[in-house]
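Novice: Quick one: this structure, given as structure tokens, is what I'll be asking you about.
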Amino acid sequence: MLKVRLCSYYTPALRNNFKCLLKCMCSNVSKQWEETQCFSERSTIGWLEKAALYIHWPYCEKRCSYCNFNKYISNQVNHDRMCKCLVQETTTLVRLSGVKNIETIFFGGGTPSLAKPRTIESVISCVRDLVAVPHDTEVTLECNPTTLEAQRLREFKLAGINRVSVGVQALNDRDLLLLGRNHSVKEALRVIDEAKNIYSGSTSIDIIFGRPYQTQYAWQDELKKLLDICDDHVSLYQLTLERGTSLFKLVHCGKLSMPTDAEVADFYEVAVSMLTDAGFQRYEVSNFARNGAESIHNNSYWNGTQYIGIGPGAHGRFVPQQTASHSREARIQTLEPDVWMKEVERYGHGTRKIVVQSHLDMLEEYLLTGLRTARGINNEQWCIFSGGASLTDVLSHSVPLKEHMRNKLLQFDGSDTPSTKQPSCIDVPLTNHPSFSDTPLTGHPIK
């Protein structure tokens, strides 16, 4: 088992050190792969039969000041057309993948709780008609804590949703206004209470830290409120200033002030401590769970499972078995909803870009995502992508990596079986999606 252990929240120096560590690992992977350019198809049989499914609803009521996601503001959403297109693209791409089982379904956005419950139900029914979906499969819906969406929680439950992720983001009305959120703390508390009644044990809360003018005292007060009302899962995200957002402009023109790196580090460490004291386990950099409430869907991203992306701007990673391909493809769907719908209606899908991934690409990606987690990298899963070369073969003889082990940045148990030992501290700020090629997919229908 391979694990990263950073002994404190990342500072610029630690972040640079970690980048060097990853570069060293990837270099060793490259050298090993040159010597073992084989692919064990037998080891991938079970892996190719399953996938996670992500459905992107691109519409929002308003754009938050910090958000640069693929989202669109529209008061004239054609719900019937969107529903038909989501069902059509789901049918096309699930069939193309050749998978037999969908292990998790996640409706993200945008604000998918603005979709009609019948749209959610239609997509879920479509998936169940295509492949095996166990009755207890995790089916998550992101929602905002507004009164309107709270009234729909039971309808979504009847539509097939069994887990919700509530975008609270702050328990401070001033900061909610600054972030451009359209709910109040009072509304958030009411919605969380209602969600816990309907989705008991399966209600997650998102909250952001490192906000402008945030203080340690105010943050601790928010965390106390959070622990008083939360269920069994919390996602804790550091605010990132993204170019093109209104918050980025306000900060860079000097109208708003952000906390220092040291202050943000303190915010994170305090949150980890308080959540741990409340019985939560940090199973990934930004995710905390108790009572077995880990997100199965997000874990699928980090452990290298295939995933199929449906909807405008959705990403995917899967082998299109129906084209007799043996290579995994990194895919991205057309961003703009209107253009995406036209493509789906014409071709059955709106895939705009495809990058065929080499085995080295997959290994490096698994390395980057797996090191986000407390479990680290599992040798058995690694061997699916490596053609049989174990972690010991690839990494254990590297002098630079041994130095990182001595510095307690890296834990390697030296065996070829998963370790149950948990690292005392992890923090790996990485993105889940590498850059895509600029080569567009020519609009030929997939059959």
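Novice: Residue check: is residue 24 of a type outside the set (Lys, Arg) and modelled with pLDDT under 95? Give the derivation first.
Specialist: On the way: of a type outside the set (Lys, Arg): yes; modelled with pLDDT under 95: yes.
Yes; evaluated as a whole, the condition is true for this residue.
The rows are residues; the columns are (1) at pLDDT 85 or above; (2) under 29 Å from residue 286 (Cα atoms); (3) among the hydrophobic types (A, V, I, L, M, F, W, C); (4) surrounded by 14 or more Cβ atoms within 10 Å (Cβ to Cβ).
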| residue | (1), (2), (3), (4) |
| --- | --- |
| 355 | yes, yes, yes, yes |
| 374 | yes, yes, yes, yes |
| 382 | no, yes, yes, yes |
| 397 | no, no, no, no |
| 413 | no, yes, no, yes |
| 417 | no, yes, no, no |
| 420 | no, yes, no, no |
| 427 | no, yes, no, yes |
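Novice: Within segment 213-225, how many residues are open to solvent by 10 Å² or more (accessible area, probe 1.4 Å) and hydrophobic (A, V, I, L, M, F, W, C)? Full working, then the answer.
Specialist: Initially, segment 213-225 is screened for residues open to solvent by 10 Å² or more (accessible area, probe 1.4 Å), giving 213-218, 220-221, 224-225.
Of the ones still in play, those that are also hydrophobic (A, V, I, L, M, F, W, C) are 218.
Total satisfying the criteria: 1.
Novice: Looking at segment 97-110, can you tell me whether even one residue there is closer than 27 Å to residue 154 by Cα and modelled with pLDDT under 95?
Specialist: Yes, the conditions are met somewhere in segment 97-110.
Novice: Tell me yes or no: at least one residue of segment 226-244 is in contact (Cβ under 8 Å) with a residue 60 or more places away in the chain, on the phi < 0 side of the Ramachandran plot, surrounded by fewer than 17 Cβ atoms within 10 Å (Cβ to Cβ) and small (Gly, Ala, Ser).
Specialist: no
Novice: Would you pick out the residues in segment 245-262 that are open to solvent by less than 30 Å² (accessible area, probe 1.4 Å) and touching a helix residue (DSSP H, G or I) at 6+ places or on another chain (Cβ under 9 Å)?
Specialist: Of everything in segment 245-262, those that are open to solvent by less than 30 Å² (accessible area, probe 1.4 Å) and touching a helix residue (DSSP H, G or I) at 6+ places or on another chain (Cβ under 9 Å) turn out to be 247, 256, 259.
Novice: Same structure again: Scan 289, 278 and give me the residue that is in contact (Cβ under 8 Å) with a residue 40 or more places away in the chain, more than 27 Å from residue 65 (Cα to Cα) and touching a strand residue (DSSP E or B) at 6+ places or on another chain (Cβ under 6 Å). Let's see the steps before the verdict.
Specialist: Values: 278 fails: touching a strand residue (DSSP E or B) at 6+ places or on another chain (Cβ under 6 Å).
Going through 289, 278 in turn, the sole match is 289.
Novice: Counting just the residues of segment 259-286 that are among the polar types (S, T, N, Q) and out of contact with any Lys or Arg (no Cβ under 9 Å at 6 or more places or on another chain), which one comes out modelled with the highest pLDDT? Spell out how you get there, then give the answer.
Specialist: To start, the set of residues in segment 259-286 that are among the polar types (S, T, N, Q) comprises 260, 273, 276, 281, 286.
Of the ones still in play, those that are also out of contact with any Lys or Arg (no Cβ under 9 Å at 6 or more places or on another chain) are 260, 273.
Working: 260: 93, 273: 96.
Here the answer is 273.
Novice: Additional query: Can you tell which of 256, 226, 250, 241 is assigned to a helix (DSSP H, G or I) and modelled with pLDDT under 95? Outline the logic, then answer.
Specialist: Details: 256 fails: assigned to a helix (DSSP H, G or I); 226 fails: modelled with pLDDT under 95; 241 fails: assigned to a helix (DSSP H, G or I).
Testing whether each residue is assigned to a helix (DSSP H, G or I) and modelled with pLDDT under 95 leaves just 250.
Novice: Still on this structure: May I ask you to list pairs of residues, at least six apart or on different chains, whose Cβ atoms are under 7 Å apart, with the first in segment 136-148 being among the β-branched types (Val, Ile, Thr) and the second being part of a loop (DSSP other than H, G, I, E, B)?
Specialist: So the pair list comes out as 139/160; 139/161; 139/162; 146/182; 146/183.
Novice: Starting from residues that are of a type outside the set (A, V, I, L, M) and under 21 Å from the mean Cα position of the chain (by Cα), keep the ones in segment 161-180 and report whichever is nearest to residue 271 (Cα to Cα). Before you say what the answer is, go through the steps one by one.
Specialist: To start, the set of residues in segment 161-180 that are of a type outside the set (A, V, I, L, M) comprises 162-163, 165, 167, 169, 172-175, 180.
From what's left, under 21 Å from the mean Cα position of the chain (by Cα): 162-163, 165, 167, 169.
Numbers: 162: 27, 163: 24, 165: 19, 167: 18, 169: 14 Å.
Result: 169.
Novice: Run down 303, 298, 291 and say which single residue is buried (at least 21 other Cβ atoms within 10 Å of the Cβ) and of a type outside the set (Asp, Glu). Before the answer, list the steps.
Specialist: Details: 303 fails: buried (at least 21 other Cβ atoms within 10 Å of the Cβ); 291 fails: buried (at least 21 other Cβ atoms within 10 Å of the Cβ).
Of the residues listed, the single one that is buried (at least 21 other Cβ atoms within 10 Å of the Cβ) and of a type outside the set (Asp, Glu) is 298.
Novice: Oh, and also: Would you please name the residue that is most open to solvent (accessible area, probe 1.4 Å), looking only at residues in segment 58-106 that are in contact with a strand residue (DSSP E or B) (Cβ under 6 Å, 6 or more places away or on another chain) and acidic (Asp, Glu)?
Specialist: Top of the filtered list is 103.
Novice: Something else: Is it fair to say residue 34 is in contact with a strand residue (DSSP E or B) (Cβ under 8 Å, 6 or more places away or on another chain) and either at pLDDT 75 or above or open to solvent by 40 Å² or more (accessible area, probe 1.4 Å) (or both)? If you could, list the steps in order and put the result at the bottom.
Specialist: Working: in contact with a strand residue (DSSP E or B) (Cβ under 8 Å, 6 or more places away or on another chain): no; either at pLDDT 75 or above or open to solvent by 40 Å² or more (accessible area, probe 1.4 Å) (or both): yes.
No: the conditions fail for residue 34.
Novice: What is the residue count in segment 186-215 for residues that are in contact (Cβ under 8 Å) with a residue 24 or more places away in the chain and closer than 19 Å to residue 173 by Cβ? Break it down into steps so the answer makes sense when it comes.
Specialist: Here is the first cut: in segment 186-215, the residues in contact (Cβ under 8 Å) with a residue 24 or more places away in the chain are 187-196, 198-214.
Now narrow it down to the ones that are closer than 19 Å to residue 173 by Cβ: 187-193, 205-214.
Selection size over segment 186-215: 17.
Novice: Against the definition (out of contact with any helix residue (DSSP H, G or I) (no Cβ under 7 Å at 6 or more places or on another chain) and under 30 Å from residue 154 (Cβ atoms)), how does residue 182 come out, yes or no? If you could, list the steps in order and put the result at the bottom.
Specialist: Numbers: out of contact with any helix residue (DSSP H, G or I) (no Cβ under 7 Å at 6 or more places or on another chain): yes; under 30 Å from residue 154 (Cβ atoms): yes.
Yes.
Novice: Something else now. Considering each of 271, 314, 265 in turn, give the residue that is surrounded by fewer than 21 Cβ atoms within 10 Å (Cβ to Cβ) and small (Gly, Ala, Ser).
Specialist: 265
Novice: Among the listed residues 349, 326, identify the single one that is closer than 17 Å to residue 55 by Cα, in contact (Cβ under 8 Å) with a residue 60 or more places away in the chain and in a loop (DSSP other than H, G, I, E, B). Break it down stepwise before answering.
Specialist: Numbers: 326 fails: closer than 17 Å to residue 55 by Cα.
Answer to the selection: 349.
The values are calculated or read from the model by the stated rules, or taken from the named source; none is laboratory data. In this text, all values refer to a predicted model and were calculated from it rather than measured experimentally. Cβ: placed from backbone, ideal geometry, glycine included. Neighbour counts: every protein chain shown. Remember, those area values only see protein heavy atoms, side chains included, never the ligands or the DNA or RNA. Shrake-Rupley method; radii C 1.70, N 1.55, O 1.52, S 1.80 Å.
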